[in-house]
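Some notes on the structure that comes next.
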Amino acid sequence: MKNIKASNIAEHSKRFCAALGLVGALICASMLNHAYAAVIIGEDFENDGLNTAYFAVNAGSFDGPRTARDWHWQRHSTNITNNTNFYRGFQGQDFWTGINLDENGSSAASPSTLSFNSVDISHYQNARLSMSVASSGSLESSDYLAIYAQDLSSSNASALPATNQQRILIDSFFGGIGLNNTIELNADFQTVSYDLSSLNFDVFSLHFDAFTNASKESIAFDDIVISGDLITDSKESEVITASSPRAFSAMSLMALAFVFAKRRIKLG
């Protein structure tokens, strides 16, 4: 009798383990080739990243007495003249801003620029750029902020002159009016968002070009975020929290496995 009971227990254990193995396979299969939202890069200018996280052309500020010629192209907190205190609705203490940029050697054809380190979106889908933008208002048609993605994916991209590397215009604000959205810039920071999935390259640098023609004309931007859905069969790792839909599905499958195994034991 003991041998029969032991045999039944062993058989039920085998069935139970087989059920757990089945649900484990189902869980693994359900988690393959799925995407999860992730931030690829983010910049809020709360810390000084000049020449490390980003690089500027014609950066700095006029250090004389406050006049109509007190230009700057820098983080707001670095601006010694405080002539952009009219901005509202920005997060934290800092943002990047420029004013009277014709006085720092910039021109419409050779603007002040801010460029970020390379971004690789090859392991992501549905990539997006979001940011906050503002201006002093009353910008002239020649005053602008333009946003570009510059191709760095080709093997010889770094060897090419910048003028020969492919640049895709994401958006521009000539006179403060967006080309690819419906907003008009003002002193209140507004959030804009752009789909990057149509870019025909995976590795790029993000660029901001700006020019204003004196008369206290200013532009500003902040809270730059490039995000995407991480493809989990890439080399990137993924953490699933207990409250996530994936974890809930996994726990549901586990519960079904236990029920299945228990029924098999009773029927046995």
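Just a few scattered comments:
- Per-residue accessible area (protein heavy atoms, 1.4 Å probe) orders ASP151, ASP70 as ASP151, ASP70, starting from the largest.
- In terms of packing, defined here as the mean over residues of other Cβ atoms within 10 angstrom, the peptides 47-58, 100-111 line up highest first as 100-111, 47-58.
- For SER142 and PHE55, the difference between the fully extended length at 0.36 nm per residue and the C-alpha to C-alpha distance is 28.9 nm.
- Full extension of the segment from GLU184 to ASP202, taken as 0.36 nm per residue of separation minus the current Cα-Cα distance, would add 3.4 nm.
- Taken one residue at a time, the phi angles of segment 166-178 give Karplus couplings (6.51, -1.76, 1.60, θ = phi - 60°) of 5, 10, 10, 6, 7, 6, 9, 10, 7, x, x, 9, x Hz. Gly and Pro are set to x.
- Förster radius 25 Å - calculated FRET efficiency between SER193 and SER153, Cβ distance, rounded to 0.05: 0.60
- Amide H contacts of ILE40 (H built 1.01 Å from N, in plane; Pro and chain starts excluded): ILE226, SER227, GLY228 sit under 5 Å, all sequence-distant by 5 or more or on other chains.
- Rounded accessible area per residue of segment 163-222, 1.4 Å, Å²: 43
- Candidate residues HIS123, HIS207: accessible-area rank, largest first, probe 1.4 Å: HIS123, HIS207
- Solvent-accessible area of TYR124 with every protein chain in place, 1.4 Å probe, in Å² to the nearest 10: 40
- Difference of contour (0.36 nm per residue) and Cα-Cα distance, SER172 to SER107: 21.8 nm
The values are calculated or read from the model by the stated rules, or taken from the named source; none is laboratory data. All of these numbers come straight from a predicted model, not from anything done at the bench. Counting neighbours? That spans all protein chains shown, and the Cβs are built from the backbone with ideal geometry, glycine included. Accessible surface is based on the protein model in full, side chains and every heavy atom, while ligands, DNA and RNA are left aside. Shrake-Rupley method; radii C 1.70, N 1.55, O 1.52, S 1.80 Å.
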